[in-house]
Structures are given as C-alpha cells and as structure tokens.
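Q: Below is the structure I would like to discuss, written out as structure tokens.
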Amino acid sequence: MTYFEVDITNCEQEPIHILGHIQSHGYLCAIHPDTYTIVHASANLADLVGQPIADVLGQSLAEVLNKTDLPAATLIELLNVGKRNDSWDTLNPYRLQLDGRFWNLVVHAFKGLLLLEWEPTDEQPKVAMNQRLIADALTEVQSSRQLADLLQNTAQRVKSIIGFDRVMVYRFSADWHGQVIAEAREPELEPFLGLHYPASDIPRQARELYKINLVRLIADAGSVPSPILSQPGWPNDAPLDLTHSTLRAVSPVHIEYLNNMGVQASMSISLLYPGELWGLISCHHHAPRFVDYAARQAAKFVSQLLSAALEFRKGEEDQSLLLHSLENGQRLHEQLLADEDVVRALTRRSVTALDLVAASGAVLLFNNQQHRLGTTPDEAAVRDLAEWLKTTLSDTFLETSHLPALYPPAGIFRHQGAGILAVVLSRELNEYLIWFKPERIQEVTWAGNPQKAVTVSDDGQHRIGPRKSFEAWTEMVHNTSEPWGQAEVAAAIKLREDILQIVTRQANEIRQLNQRLQAAYEELDAFSYTVSHDLRTPLSSIRCYSEILLEEYGDDFNPDARALFQKVIDSTDRMRALIHHILFYSRMGRTEVNTQLVDMNHLLTSMRDEILLTEKDRSLAIDIADTPAINADPTMLSQLFMNLLTNAAKYTRSTPAGHIQVSGKQTDEDVIYSITDNGIGFDMKEADKMFELFKRLENARSFKGTGVGLAIVKRIITRHHGKIWYQSEPNRGATFFVSFPLIAVD
C-alpha cells in the first residue's frame, strides 16, 4: 500500500488536489469503472464496512458490500445506471442507512476512476426549510436594486442555511487581493467588513479549484485526516486526484491559517463572473460544524443566483458605459469626416477626445505638436513619455492603472496621470493619443500585515507560512488610478481606426509611397504563407467530397453522386481561381483594386455551405441576417470574409453548440458588417498584436493556425480604405466589425 506525503515549502506550489487524505467525517473509496475493483480507500473505510482495510483493497466493491448491511445490489445497479447515462448529478446524493445511522453517497468519475464518498446526514432531511430559503433568495435577487443590499442579504441568507457564526462576501481585485464587502455575523464577533486580505491568503492553485468546486466544506479543522491507501503495486507517483472530491482534506498551511484565526469550521462558496472567480462567500465557525449535502446544495444554489445577478447587473453597467462611449465615438467620427482635420475634430469641437472615456485629461501628439485637454502632465513630461512608449511591446495601444510601476518617471506627475490609455497613431513619427487618470490615494485596511512570515526549517528550507495576526493593519496605496474598463479600451481602439482612416486620406506623396513600398514588402515576405493559409478550405472540400464518393457510391454513379462530383469540380475550379488571384495580388501589389458591386447574400451563403460541410461532425449554426451589397474587389472580399468566418468556426469548437451571426447595415458613408461568435473570445488588453503577421493571442495557441489570416484581412481592409475593429471578452465570444466605403477607390 502506498501513502502520498506532501512536503510543504511554498504554498503556491502545494499540490492541494493530491494531498493523500480526506476529512475524517466521511469515507472514500475509488474503484475501477469496469471491474468495480477497489484501488484506493481511506483508512477509516474499515469502520464503515467492518473489515480490515488491507482486505478491502484489491477486492470488488460487491464482495466488500456483501459483508455489510449496505444494499450491495442496489448500489451496484446505481453505479451501472450512472455509467450508462454518463452522468452522476441526477443520482447524487444516494441516501442509505447503516447501523442506525443515515448516510449520503456521492459519486463522481475522474481520471479513469469512480470515486464513492459517504458522508453523514440527518434522519429527516430538511427539504422544506431549504426550499423555503431558496425561494426567499430568489425573491431577494429579483427585488434587490442595489448590489450592496443584494450581497448583504445573501450573506444573511447563507448564514440562515448553514448556521455558521460568520458569513462574509469576499471580492477579488485585479491583483487577486480581496476585500470583505458584505458580512453577517453573531453580535459578539468583531466585524471584518471592509478589511482587505492579501492575494497570498488564497494562492493560485486554490483559486483554480474554487472554479471547479463551487462549495468547499472544512467540518473540523482540528480533526485528524484519514490517509488514502492504495492497492498493492499501485505506483507511488500516481496518487488519487481529489480535485472533485467533497471530502478532500485540508492543506496543512490552511489548517495553520484557520487555527491562527481561531476558526474550527469553514465553508467557501464560489461566485463566478463571467466564468471566472469574482469572489467567495466565506463562512467561519468557531467550533466544528458539519453541513450536510442538501444544505450545501441549497447554499450553492443561492450563490449561483447571486452569480447570475452579478452578471446581469454588471452587464447593465457595462452596456451603459459602452453606449456612452459609442455615442461619443460616433460624434468624433462624424467630426473627423466633416473637418478632415484631426486636431480640430478631436480637440476643438463640441465633443472632444476627452469625452470618449472617463479620464481627467488627454493629449494628442500630432505633426510634432501637443494638443491638451483637461488636466495633463507638462509638455516635457509628455514628450519623454512618448519616447518611452516607443520602447513598449504594444504596437496598437497601452493601458495601465499603475504607470509609475512601469515607467518610474511618471511618479513626478502621478497627480495628473498615474494611469494612462494610449493609442499609437504613428510610432515612427511619435504620434499618439494619450488619456490620463489621476492618482487615487487609497487607505487600505488589511486583516493583519499582508506580508507572510518566512521561516527556516531544520533542513534549511525557506517556508512561507500563513499570517498569525489578523488585527487591522492600515497602509496608504499610491501611484495607482481607477482602472480602465473594457468599453473604454474598445472605444479608444475604434477611434484610432477612425483617425488613421483620415490620416491615410491626407497623407502626402512621400507617405503614400512609403506605405506602398512597405505593403509590397510585406506582401512578398508573406506570400508563401498566404497561399498556404487560404488554400486549406478548398483542399479540405476536395478531400471531403472525394471520400464521400469513394465510401458511398464507388464506381456506380447515380444522380446524387454526380452532384457531389460536380461540387468537387467546383471546389477545384475555385482553388485554381484562388491561386491565380493570389499570385496576381502578391506580384502586382500596387495594381488598382478591381472594385465592383458584390452580391453578399450569394457570397456568404456559399461560404456558409462550405464551412458547415467541413465542420459537419459538430454542432454549428451560421445565421446570415441583412446582406447589403459592398463595393469591393470580389476576390479580396471573398478572402476577407472566409478568413473571418473560418476563424469564428474554429474558435467555437470548444463550445457545445457553436453559433455565428453575420449581419450588415448601410449608412450614409459606408457598409458595415459584423461577425459575432460564441467562442473563446479574447482579452481586449492583449489584442494589440491581433493583426500582426505570425502573432497569435495566448488563449488561441491550442488551436491550429498560422497567424496569417487576420494579417490578410487587415491588408485587404486597408486597400479598400475601410476599417476593422472588434469587441470581446474572454470566454464570452467575439465580434469583428468591418466597414467599406460606399465608393471604394484604390
């Protein structure tokens, strides 16, 4: 039998999912899903089954249960039903009785094993009480107008369900330190409301588990955990993974932390928005306290209601900010078109660049001059800042709420600009549009000194231990501003595109020549990659149709087979034409664009049919709404939309039901199309390299791709004097917008 021991030297590296123990109030065994052989068991399982643990390991579950009063046949059939349905949620918990006590059996499958966990429960389930509390919570969520009231009432509701001494709602900040923003407690307890806790109190691997296990109970911090034993011969490097276990033991570091707080029982309920850890409902009790499965599920449901309410309210707030930015962004765009003078349009009209975002000042650096709005650093400081921006990695924009940490000289002007949002107009000409937010001095009250104590063990290893003091400890936080929102970043990127469109129109002959030479150089450099990227879809079609002909019809062609064969021929023709046009486009980069009115409905419908055929083994819907015609080069337009649609299809593959929406509208100046998907999305703060050749965003690296497609899209848009912008959030899908002028001339 093997026993996995953990040597804790650093809480960030602690393998809390494989600690090798369970909490002592329950029992656990892990069985092989085919033979039901017991391969792991908690040492205390011997008390439940009345047999030495050595006799249990390696035996079938049925043999072990037959020697007890447990309903062996019923439990085996329960496992069979769960396996057939490939689901355990509808079966958990299974209630049973042994030796006059009642137990809940909870089952889950993970990493090739079935884990069975028994935990105690009441003789009479408190179903009615839990249902009433859930109904009250639902009413509360629906009626609460202020988020603070909703959080406070939720804390009180959870306290009523589980009966703990203290229930806190704990919200994470961007750097993962947290603050108690709501609290329900017994009157004699010291209030924790408003206190901050450092990020190190809940290390990264614990936060990841909180996204998986929405409810986590520590029934008795002072109890001795039961070790998990393995059948003879089980490899030492393969401990049982308890990621989804309800009984998973507690990290020794966290036990020490709870002891330092005087807490004997703890329960945490995750709050997610949107799909990420927003905060926790953290519950403390000063004596051991077990919360049964039903009560934990009721608390979990309340937290899910709160998570949904957070998303709804946050969505309303974001939508309001987004609409404000869009309205002012549209006014600025109209002023740019009317004036064709960037400085006057952005700084001297009724709506200025300062109105686009929630900033206290803005500076436009253009044509070797600085144009100020609101409160900004002085001219020399802005000039030095612009020189520093040249050295940053961002090619499109930079946003930060703690500029002095990145650029120390900014400490001098932190009162005007501790945070900046800067978009690059021309790095070579030192042209930028920079918004400033002033320093927001915060007095942060921590629950004890946020710095963890470092001790040295007997073997000389440095060990980071939990804090021992939780008395209020206050510090002043300098050099930071209010953070920039996603809507602000998106509005700034969109305005940058509007400005660059005007700048391109006004460029002198030298600038035009330089742009053409640079574009020609990039086209030659990327030519082989362009051909490789854009031939994948028609080649896939050829292969797919050929396989259908070979497998289904063979040598005997009927009308259906002939139709499929015609599709193969059509795909081959399209490939030949595509090769011809790509070669022409690459070699004749300065040739005028062959602009004509393109029937978008026909173009998009044919693309949809082709993509759906290549994605036929998954659930994918492509909806095409309004399709106004576009003045553009047909070949380039086909390449552009095929790249955007195939990208949307690719990045929705991890979604159970992929959905893509294409729609267009015509304005007085241009035609705008949007392509929206429900895929993995991306962080707007990392999207500055979106259109660079061979550059890919971090969350897209697991998907096959060359990093060429969007570079092609951007070049085609530029050739047509159009614009492209985007709006996205991680795990919330993405929307790409492309606009073409009503009369496109190269």
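The values are calculated or read from the model by the stated rules, or taken from the named source; none is laboratory data. Remember, it's a predicted structure, so these values are computed and weren't measured experimentally. Note that each Cβ is placed from the backbone with ideal geometry, even for glycine, and that neighbours are counted across all protein chains shown. Areas reflect the complete protein model, heavy atoms only, side chains present, ligands, DNA and RNA absent. Shrake-Rupley method; radii C 1.70, N 1.55, O 1.52, S 1.80 Å.
Q: Would you please name the residue that is nearest to ASP670 (Cα to Cα), looking only at residues in segment 625-643 that are open to solvent by less than 10 Å² (accessible area, probe 1.4 Å) and in contact with a strand residue (DSSP E or B) (Cβ under 6 Å, 6 or more places away or on another chain)?
A: ILE630
Q: Among (1) modelled with pLDDT under 80; (2) open to solvent by 70 Å² or more (accessible area, probe 1.4 Å), there is one condition LEU306 misses while meeting the rest; what is its number?
A: Failed condition: (2).
Q: Kindly establish whether ASN699 is of a type in the set (S, T, N, Q) and under 24 Å from ASN601 (Cα atoms).
A: No: the conditions fail for ASN699.
To keep it simple, each residue is scored yes or no on (1) among the small types (Gly, Ala, Ser); (2) open to solvent by 10 Å² or more (accessible area, probe 1.4 Å); (3) on the phi < 0 side of the Ramachandran plot; (4) touching a Leu at 6+ places or on another chain (Cβ under 8 Å).
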| residue | (1), (2), (3), (4) |
| --- | --- |
| GLN661 | no, yes, yes, no |
| PHE682 | no, yes, yes, yes |
| GLU692 | no, yes, yes, no |
| ARG696 | no, yes, yes, no |
| SER728 | yes, no, yes, no |
| PRO741 | no, yes, yes, no |
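Q: Hey, another quick one. Mind checking which residues of segment 243-286 are small (Gly, Ala, Ser), open to solvent by 30 Å² or more (accessible area, probe 1.4 Å) and in contact with a helix residue (DSSP H, G or I) (Cβ under 9 Å, 6 or more places away or on another chain)?
A: GLY275 - this is the single residue of segment 243-286 that is small (Gly, Ala, Ser), open to solvent by 30 Å² or more (accessible area, probe 1.4 Å) and in contact with a helix residue (DSSP H, G or I) (Cβ under 9 Å, 6 or more places away or on another chain).
Q: So which of ARG216, ARG204 ends up being of a type in the set (Lys, Arg), out of contact with any Cys (no Cβ under 7 Å at 6 or more places or on another chain), under 27 Å from LEU151 (Cβ atoms) and modelled with pLDDT of 85 or more?
A: ARG216
Q: Report, by residue number, each residue of segment 255-273 that is within 27 Å of the chain's Cα centre (by Cα) and more than 13 Å from LEU217 (Cα to Cα).
A: Within segment 255-273, LEU271, LEU272, TYR273 meet the criteria.
Q: Let me ask something additional. Identify all residues within segment 605-616 that are surrounded by 18 or more Cβ atoms within 10 Å (Cβ to Cβ) and aliphatic (A, V, I, L, M); write none if there are none.
A: MET607, ILE611
Q: Those residues that are surrounded by 20 or more Cβ atoms within 10 Å (Cβ to Cβ) and assigned to a strand (DSSP E or B), I need them from segment 40-64; list them, please.
A: Passing the criteria: HIS40, ALA41, SER42.
Q: So the check is Cβ under 8 Å with 6+ separation or different chains; which pairs have a first residue in segment 34-57 that's among the acidic types (Asp, Glu) and a second one that's outside any loop (DSSP other than H, G, I, E, B) and buried (at least 20 other Cβ atoms within 10 Å of the Cβ)?
A: ASP47/TYR27
Q: Which of the residues spanning segment 50-64 are within 44 Å of the chain's Cα centre (by Cα) and within 20 Å of ASN104 (Cα to Cα)?
A: Result: LEU61, ALA62.
Q: OK, next. Taking segment 327-342 as the search range and keeping residues that are part of a helix (DSSP H, G or I) and surrounded by fewer than 17 Cβ atoms within 10 Å (Cβ to Cβ), which one is modelled with the lowest pLDDT?
A: ASP339
Q: Before we move on, is GLU208 within 31 Å of the chain's Cα centre (by Cα) and surrounded by 19 or more Cβ atoms within 10 Å (Cβ to Cβ)?
A: Against the criterion (within 31 Å of the chain's Cα centre (by Cα) and surrounded by 19 or more Cβ atoms within 10 Å (Cβ to Cβ)), GLU208 does not qualify.
Q: Of these, SER24, SER87, which one is closer than 29 Å to ILE218 by Cβ, at pLDDT 90 or above, of a type in the set (Ser, Thr, Tyr) and part of a loop (DSSP other than H, G, I, E, B)?
A: Within the list SER24, SER87, the selection yields SER24.
Q: Same structure, new question: Step by step: first the residues of segment 212-231, then only those that are of a type in the set (Ser, Thr, Tyr) and in a strand (DSSP E or B), then the one that is nearest to PHE290 (Cα to Cα). Which residue is that?
A: Top of the filtered list is SER226.
Q: Kindly evaluate GLN131 against the criterion of being within 26 Å of ALA265 (Cα to Cα), at pLDDT 70 or above, of a type in the set (S, T, N, Q) and in a helix (DSSP H, G or I).
A: Criteria not met by GLN131.
Q: Only one of these conditions is not met by LYS714: (1) at pLDDT below 90; (2) over 24 Å from the mean Cα position of the chain (by Cα); (3) open to solvent by less than 10 Å² (accessible area, probe 1.4 Å). Which number is it?
A: For LYS714, the exception is condition (3).
Q: Filtering segment 232-286 down to residues that are in a loop (DSSP other than H, G, I, E, B) and of a type in the set (D, E, K, R), which residue is farthest from ILE53 (Cα to Cα)?
A: GLU276
Q: What are the residues in segment 699-711 that are open to solvent by 20 Å² or more (accessible area, probe 1.4 Å) and either modelled with pLDDT under 80 or at positive phi (or both), if any?
A: ASN699, ARG701, SER702, PHE703, LYS704, GLY705, THR706, listed by residue number.
Q: Determine whether SER42 is under 20 Å from PHE102 (Cβ atoms) and of a type in the set (S, T, N, Q).
A: So SER42 passes the test.
Q: Grab the strands (runs of 3 or more DSSP E) fully contained in segment 343-446, keeping just those with 2 or more residues being of a type in the set (Gly, Ala, Ser).
A: 361-366, 419-426
Q: Within segment 654-698, which residues are modelled with pLDDT of 90 or more, closer than 15 Å to ALA734 by Cα and among the charged types (D, E, K, R)?
A: Passing the criteria: only ASP677.
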